[in-house]
């Protein structure tokens, strides 16, 4: 699969200041219809997260608007349409279009406590390390929501990793309504050292002025400043000139591997590197292996085999509590395949943030050049499925959630690695639903309720979807005819998540099937009140009608 970094460089390469090309509105319209026809003819399988009808409606809307739009707005429209497929490999290349873009000389990063200026060109040193509160007067949360449709975001993690680049492009800010007019400057409202201030930044031609970054973090060179204390380097940022390296942490009896592309390093191929790693583990006092792929955007998934088979063979560390895989918002593409395989075949404990890719996904893409503008849409064609369809999901979630605040990053603290090194099965449950099932089957209801309520509030479990898991358990019981236990589980789910319309809707259905008609009516009405315009409310209205008709 294509390396994500190269793909995004292609998509976001920006050359000179914006100028209008000689293309007519009809030229753009022809390109739009060509794209529409190509998708329907050759890529209809991409209609998974959006429908053909929704796609066509978006095309027709842009088609009607094109005569009134500037070309950067038209390109944003093309990007919205292609990004609606929500696969990170399926995107529009701005670089190949006749539209010229600019960008702000800043590098943003989304930490656990907000969006910060992680790096900046030296002319704006006062803004380095500041938290972004507003963009052109719009709260940053709203600005992020406004630009998201332009980003080929597979999930929220992909957007966190790569979407902030679009927040630095004036043409995108204008096209998406963040900026009222297209101009050379963008004003950010910032907070630093307890003070709030506005900083106006001039956009530059990106070619030759892009931030010098490595895996999303600024390297302080060529007039760029980085907020991280350069006096020390955390393990995950060490030796970034190498694709992978390993280090022994004697105080933890742990081998740490940072692997940041699924490609062979020029100095040592993947099989040889991991042969050295596993040999060291076998011959030394090693109790744990930590494989850190939080920065890994993919590459060639055929190179995953030596990693997976090597871990399987190394029984010394292939045990629960001895093998840890750090994942995060840049874990994508061929590396998603890697973590899927590790989840399937090893005893890995996953630590960190969810991945940037769906578990099963459309990857490798074909370039489709539009006839008039010569803009290129990259459309995915390869379906990668490492898990059964019922195990698919928006991402691979960590067992143990951990992320990084701005102060953590600035001071070189790595709470994610710390979480792995400090892990103990005595104080953490890897499979909450298996644990709850055991309590349920043994009749320990008070402990089940107390532990569930505690775990739902524990940030270490924040990526475990307790509500959905309890809901699924309830339906399994109900569909097997165990109505009384199902009612207990659904009722308990409403106690854990009293603001969830779906939890009340499910409880209503269980009561209806159990013959508790009045309760079913009460709970369906509650679901409708909580979600009057949404899909849950619509389902509740339909079911309520059936219940009343069947009285």
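The values are calculated or read from the model by the stated rules, or taken from the named source; none is laboratory data. Predicted model only: the values in this text are computed from it and were never measured. Note: ideal-geometry Cβ built from the backbone for every residue, glycine included; neighbour counts use all protein chains shown.
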All but one of (1) touching a helix residue (DSSP H, G or I) at 6+ places or on another chain (Cβ under 6 Å); (2) surrounded by fewer than 22 Cβ atoms within 10 Å (Cβ to Cβ); (3) more than 29 Å from residue 60 (Cα to Cα) hold for residue 132, so report the exception by its number.
(2)
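In the list 191, 142, which residue meets the criterion of being over 22 Å from residue 81 (Cα atoms), assigned by TED's automatic domain parsing to the domain that holds residue 113, out of contact with any helix residue (DSSP H, G or I) (no Cβ under 6 Å at 6 or more places or on another chain) and surrounded by fewer than 19 Cβ atoms within 10 Å (Cβ to Cβ)? Outline the logic, then answer.
Working: 142 fails: over 22 Å from residue 81 (Cα atoms).
Selected residue: 191, the only one of 191, 142 that is over 22 Å from residue 81 (Cα atoms), assigned by TED's automatic domain parsing to the domain that holds residue 113, out of contact with any helix residue (DSSP H, G or I) (no Cβ under 6 Å at 6 or more places or on another chain) and surrounded by fewer than 19 Cβ atoms within 10 Å (Cβ to Cβ).
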Residue 176 fails exactly one of the following numbered conditions: (1) touching a strand residue (DSSP E or B) at 6+ places or on another chain (Cβ under 9 Å); (2) surrounded by 14 or more Cβ atoms within 10 Å (Cβ to Cβ); (3) modelled with pLDDT of 95 or more; (4) within 30 Å of residue 75 (Cα to Cα). What is the number of that condition?
(1)
Which one of these is more than 23 Å from residue 181 (Cα to Cα), in contact (Cβ under 8 Å) with a residue 40 or more places away in the chain and more than 26 Å from the chain's Cα centre (by Cα): 70, 157, 121, 86?
121
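Conditions (1) in a helix (DSSP H, G or I); (2) surrounded by 20 or more Cβ atoms within 10 Å (Cβ to Cβ); (3) out of contact with any strand residue (DSSP E or B) (no Cβ under 9 Å at 6 or more places or on another chain), marked per residue:
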| residue | (1), (2), (3) |
| --- | --- |
| 443 | no, no, yes |
| 447 | yes, no, yes |
| 450 | yes, no, yes |
| 456 | yes, no, yes |
| 467 | yes, no, yes |
| 478 | yes, yes, yes |
| 491 | yes, no, yes |
| 499 | no, no, yes |
| 507 | yes, yes, yes |
If I go through the stretch 198-207 residue by residue, how many of them are free of Cβ contacts under 8 Å to residues at least 12 places away in the same chain and surrounded by 13 or more Cβ atoms within 10 Å (Cβ to Cβ)?
0
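Residue 45 - would you say it is part of a helix (DSSP H, G or I), buried (at least 21 other Cβ atoms within 10 Å of the Cβ) and modelled with pLDDT of 95 or more? It would help to see each step written out before you state the result.
Details: part of a helix (DSSP H, G or I): yes; buried (at least 21 other Cβ atoms within 10 Å of the Cβ): no; modelled with pLDDT of 95 or more: yes.
Against the criterion (part of a helix (DSSP H, G or I), buried (at least 21 other Cβ atoms within 10 Å of the Cβ) and modelled with pLDDT of 95 or more), residue 45 does not qualify.
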One residue is enough: does the stretch 316-339 have a residue meeting the conditions in contact with a strand residue (DSSP E or B) (Cβ under 6 Å, 6 or more places away or on another chain), in a strand (DSSP E or B) and surrounded by fewer than 24 Cβ atoms within 10 Å (Cβ to Cβ)?
yes
Sort out which residues of the stretch 208-240 are closer than 23 Å to residue 289 by Cβ and surrounded by fewer than 16 Cβ atoms within 10 Å (Cβ to Cβ), and write them in order of number.
233, 238, 239
If I ask for residues that are in a helix (DSSP H, G or I), loosely packed, with under 15 Cβ neighbours inside 10 Å and in contact (Cβ under 8 Å) with a residue 24 or more places away in the chain, which ones from the stretch 389-406 would you list?
389, 391
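Listed residues 455, 530; which is closer than 30 Å to residue 320 by Cα and touching a residue at least 12 places away in the same chain (Cβ under 8 Å)?
Numbers: 530 fails: closer than 30 Å to residue 320 by Cα.
Within the list 455, 530, the selection yields 455.
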If residue 164 satisfies every condition in (1) buried (at least 21 other Cβ atoms within 10 Å of the Cβ); (2) touching a residue at least 60 places away in the same chain (Cβ under 8 Å); (3) under 23 Å from residue 139 (Cβ atoms) but one, which is the exception?
(2)
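Given the condition within 30 Å of the chain's Cα centre (by Cα) and within 22 Å of residue 292 (Cα to Cα), answer yes or no: does some residue in the stretch 444-458 qualify?
no
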Looking at (1) closer than 21 Å to residue 146 by Cβ; (2) modelled with pLDDT under 95; (3) out of contact with any strand residue (DSSP E or B) (no Cβ under 6 Å at 6 or more places or on another chain); (4) not in a helix (DSSP H, G or I), find the lone condition where residue 14 falls short.
(3)
